[in-house]
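Input: a single structure, listed below in structure tokens.
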Amino acid sequence: MAKHAPIIAPSMLSADFANLQRDTEMINESAADWLHVDIMDGVFVPNISFGLPVVRAMAQHAQKPLDVHLMIVQPEKYLSAFRDAGAAHIIVHYEACTHLHRTLQQIQQLGMKAGVALNPHTPIQVLEDIIFETDIVCLMSVNPGFGGQAFIPQTIEKIKKLKHLIVESETSCLITIDGGVSLQNARTLLQAGANVLVAGSSVFNAPDPVQTIYQLKHLYNH
């Protein structure tokens with residue numbers, strides 16, 4: 001079976017907030033595929049990050065799709081606003097959506113890819129009735145809210161279970177891994193079935209972020 005190069009989505013949560021235009025342009029020039037943008041409200045997660053004006057500003061400079069991850073309560077209230085700000089994909093949390101099916105449909109009707117994120121303690125089984133409605137499943141491999149956390153090893157088994165569910169369901173849903181992704185564990189994640197790697201600290205704290213992105217993108221070539 002031919003191995004496909006992973007989709008690399010550097011996490012802007014680890015960028016230099018005083019130089020977001022510079023870091024966005026750096027990603028434009030790199031082998032990255034998406035920009036991953038974490039929106040935090042201080043309610044669903046214990047931190048506050050970007051809001052709509054910052055997403056709008058990033059979108060003016062980004063030449064790659066904005067993969068917007070809403071770590072917020074009542075995300076359904078803000079879908080149109082984030083679409084208008086420049087989001088190409090919106091990922092909502094299973095744990096934050098009372099009417100997940102409706103929310104995913106709304107995202108798709110607005111012309112974006114729809115994703116579901118699961119916190120580390122949420123089992124894969126909760127997706128059995130919704131896997132047909134989603135384009136992306138984002139597995140949190142750290143507890144959401146802060147960058148720079150250590151990878152939770154049980155994530156590997158969750159990827160395998162999710163991959164099995166996707167194959168059984170005959171869907172083409174992408175598996176995103178978000179949290180603690182690095183050159184050290186990326187190959188293992190891909191072998192387990194991941195398609196998209198969200199990398200924050202390991203990219204932006206690297207001596208050469210562009211080179212690190214290139215290495216993540218071309219893991220199978222080395």
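The values are calculated or read from the model by the stated rules, or taken from the named source; none is laboratory data. Keep in mind that what you see is a predicted model, and the values were worked out from it rather than measured. Here Cβ is always computed from backbone atoms with ideal geometry, including for glycine, and neighbour counts include all displayed protein chains.
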Inside region 70-89, the number of residues satisfying the requirement of being in contact with a Ser or Thr (Cβ under 9 Å, 6 or more places away or on another chain) and within 17 Å of Phe50 (Cβ to Cβ) is 3
Per the list (1) out of contact with any Gly (no Cβ under 8 Å at 6 or more places or on another chain); (2) modelled with pLDDT under 95; (3) surrounded by fewer than 16 Cβ atoms within 10 Å (Cβ to Cβ); (4) not hydrophobic (A, V, I, L, M, F, W, C), residue check on Glu29 breaks on (2)
Hey, among the residues in region 181-197 that are assigned to a loop (DSSP other than H, G, I, E, B), hydrophobic (A, V, I, L, M, F, W, C) and in contact with a strand residue (DSSP E or B) (Cβ under 7 Å, 6 or more places away or on another chain), which one's surrounded by the fewest Cβ atoms within 10 Å (Cβ to Cβ)?
Ala194
I'd like the full set of residues that are within 18 Å of Ile177 (Cβ to Cβ) and crowded, with 19+ Cβ neighbours inside 10 Å, limited to region 91-112.
Ile91, Val92, His93
Scan of region 97-135 for residues that are of a type in the set (Ser, Thr, Tyr) and either within 22 Å of Thr155 (Cβ to Cβ) or within 17 Å of the chain's Cα centre (by Cα) (or both), ordered by number
Thr122, Thr134
Which of the helices (runs of 4 or more DSSP H) contained wholly in region 11-116 include at least 2 residues that are over 20 Å from Asn195 (Cα atoms) and charged (D, E, K, R)?
20-29, 79-85
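Taking region 127-174 as the search range and keeping residues that are in a loop (DSSP other than H, G, I, E, B) and among the aromatic types (Phe, Trp, Tyr), which one is farthest from Leu197 (Cα to Cα)? Steps first, please.
Start the filter on region 127-174 by keeping residues that are in a loop (DSSP other than H, G, I, E, B), which leaves 128-130, 134-135, 141-154, 170-173.
From what's left, among the aromatic types (Phe, Trp, Tyr): 146, 151.
Working: Phe146: 17, Phe151: 13 Å.
The qualifying residue farthest from Leu197 (Cα to Cα) is Phe146.
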